[in-house]
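Novice: I'd like to ask some things about the structure below.
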Amino acid sequence: SAGGITDFDEWYQPNQPSGSQNPISSWTRSNTADARHGVKGGTMSHSSGIWTFPSTGYWFISFTGWTFRQNGANRYAQFRIMTTSNNSSYSEQASNGHSNRNWSGYQNGATYNSSHSQTIFDVQDTTTHKVKFTVDIEDGSTAAMGGRNFTSFTVMKLGET
């Protein structure tokens, strides 16, 4: 659209829960003064991990998932961007997964892994077109990492539908 980006919002998981989450429900908005973080224009809102867009249009969604595992190996995690157009049934739009197959954390160390996915979602109605973020983790000991630079997502409005 003329004038560049009109809407931009960024959120991160503030804590470090272990195990699977559907949806990831604990989020904090990035609000630093740094130009890389924060919000511009309309802001996303959520209830129990179900996200509502501030306006209709084509939205770019970028999702990064990080996991932490102490003294263990051969574990996987699958992070997903799930959308609905009827405010009810969700389908996977993009996913990213990883596994600590290199055994680097098997004996006495920690293993950190990250993965990333992106999609574009055509939000035609803000009351029915929603997004949620999920993670499936192989065991209950592996944690999805919290903090601004870890499990997080960014949305950016690309233009009108």
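Just so it is clear, none of the values below were taken in a lab; they were calculated from the coordinates. Model, not experiment: these values are computed from the prediction. No Cβ is skipped: glycine too gets one built from the backbone with ideal geometry, and neighbour counts run over all protein chains shown.
Novice: What's the ranking of 85-98, 142-155 by average number of surrounding C-beta atoms within 10 Å, highest first? Walk me through the numbers before you get to the answer.
Specialist: Values: 85-98: 14.3, 142-155: 20.6.
Descending mean neighbour count gives 142-155, 85-98.
Novice: Once fully extended, how much extra length lies between residue 92 and residue 50, figured as 0.36 nm per residue of separation less the alpha-carbon to alpha-carbon distance?
Specialist: Values: separation 42, 0.36 × 42 = 15.12 nm, distance 1.42 nm.
Contour length minus Cα-Cα distance gives 13.7 nm.
Novice: So, one more: Any idea how far apart residue 84 and residue 120 come out in nm if each label point goes 7 Å out from Cα toward Cβ?
Specialist: It is 2.6 nm.
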